[in-house]
1. Can you give the local net charge around T283? Use residues other than it whose beta-carbon is closer than 12 angstrom to its beta-carbon, Lys and Arg +1, Asp and Glu -1.
2. Given a Förster distance of 22 angstrom, what is the FRET efficiency for K352 paired with A450, based on the Cβ-Cβ distance and rounded to 0.05?
3. For region 214-319, what size does the Cα cloud have along each of its three principal axes, sorted from largest down, in whole Å?
4. Greater than 30 Å separation of Cα atoms is the criterion. Which listed pairs, K179/K477; K451/K473; K168/K244; K336/K451, meet it?
5. Run a plain Debye calculation on region 272-427 (Cα atoms as equal point scatterers, no solvent) and give log10 I(q)/I(0) at q = 0.21 Å⁻¹, rounded to two decimals, same order as the q list.
6. Provide the per residue accessible area, probe 1.4 Å, for region 341-435, rounded to a whole number of square angstrom.
7. Sum up the charges of everything whose Cβ sits under 14 Å from the Cβ of T207, counting Lys and Arg as +1 and Asp and Glu as -1, but leave T207 out.
8. Name the longest site-free stretch of the chain, where the excluded sites are GluC sites (Glu not before Pro) in a DSSP loop with no more than 14 other beta-carbon atoms within 10 Å.
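The values are calculated or read from the model by the stated rules, or taken from the named source; none is laboratory data. All of these numbers come straight from a predicted model, not from anything done at the bench. Neighbour counts are summed over all protein chains in view; Cβ atoms, including those assigned to glycine, are modelled from backbone coordinates with ideal geometry. Only protein heavy atoms, including side chains, enter the accessible area calculation; ligands, DNA and RNA are left aside. Shrake-Rupley method; radii C 1.70, N 1.55, O 1.52, S 1.80 Å.
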Amino acid sequence: MNIKKIIIVAIVVVSLASCRKELLDAAPETVVSDATAFDQPYRITNQVLSLYSLLKNGQIYGGRVLVYGDIRGEDFLMEDPNGVTGADIWSLNPTSSNNIVNNLWTQSYLVINNVNVFIDGMNAKGLSVIGTTLGNNYLGEARLIRALTYYTLLQYYARPYADGNGNKLGVPLRLTGIKGPGQSDIERSTVAEVYTQIIADLDFAETALPLSYSTATLNTTRAHRNTAIALKTRVYLSMQNYAKVIEEANKIVPASAPFVATSGVAHALQPDITNVFKTPYTTNESIFSMPFSTTAGDIPGTQNNLQGYYISNATTGAGSIYSLNPAGIIGDASWKATDKRRSFVFTAPNGKRYLTKFPNGSPADYVPVIRWAEVLLNLSEALARTSAGVDARAVAILNAIRQRSDATTTFAPATKEELIAAILRERRIEFLGEGLRNNDLMRLLQTIPAKGSAPSKSPNEEGYIWPGPSTEKSLNKLWVD
């Protein structure tokens, strides 16, 4: 079933914020009771697909998470000082009552609770209805979605793992479904405890998910084995566990070029990077993306769409909420004008420059969650950091990324430090607008650089991470800042 065209068949559960809102008084006729939600195979399948629909909500991976990940960094300037579209996030001064701080939390725990309810129902009844093999496939998809969501929460609401080796407070770790009120109170788990659960979910997903699906669309929009492995390289990189990044990446990345995945979906770099961001959005470089279509209601929603944030008008740039910072990565002289990735930078008549990776509003462009280029650069960095000198494989991967867009450049770093610096710079170029800048700053405990009127923010300053949401604090009596 194509995830772009599903109609959600939901369990009768209301799970907002940390999942403690009252149940609705009456269920609409289109809603399936939780007593019968696992009675039929098609109902179970629809529930799995509904988890993806919740994940691609505009408040999370329908667009906004990528925006927050980039505007917290130094590569974008704010054109419209609007709180709804991230002014406080860009300025690094959100409060506990900020709508964005509360909305991302709410949608994330909505996803998590629906995953938990699904897992509970599958274990209680669903596996006996559809069988262990398909049931575990579905459970693998659910647990991967839960892992990604918890990982996302940690990047904004918790101290980086590197600060105390994960011993700081993280987020509430909810692992069972909530279908009624009265379960608001739960202590925050440590960052390490949440990461442990994330890895456990991804390990399960790796063993339970299929190697591939029957179409390129499904291989891009539904989780398969390589999706779990790819996400583990991201997670371990955030934990600075470079040995595990290498171990996971080596499961699918060959020792030498052309760096085509050795098993599962044959992931590879596209010769032309612009093909990744245009119809049909399903090249074998895209490991996991959020799809959108012309189906009614299947758009990220007002003020959520990536196109509106970065390039509302491809002729004038008018209406765009963020322009590119001339002092940011686009001002780096080592990023040559002939590099194909420069084609994503549009100079408007007023001289301002905008990102055009996501030019379409309806239907919206697919939102990239993770792609093969990231797995390769995750591996390259891990190899570089664990080697005594300049690691040849790390250099080869770095050159593969650069030369598919700029054949005139060959990296030949003289020292380990030069190699690491080149990899980090390449990440900023390659993933501009894809939401990874915040993750990279956080995992390395780096100061967030100043940009425009926004001052820099050191790891010890208030605003380096987001405060706990006021909605959570008002209902969870065990919350501690």
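1. Here the charged neighbours net out to 0.
2. Working: r = 19 Å, r/R0 = 0.86.
The calculated FRET efficiency here is 0.70.
3. 45, 34, 27
4. Violating the 30 Å limit, Cα to Cα: K451/K473.
5. With one equal scatterer per Cα and no solvent, log10 I(q)/I(0) is -1.34.
6. For region 341-435, the per-residue accessible area is 32 Å².
7. -1
8. So the longest stretch without any such site is 188-460.
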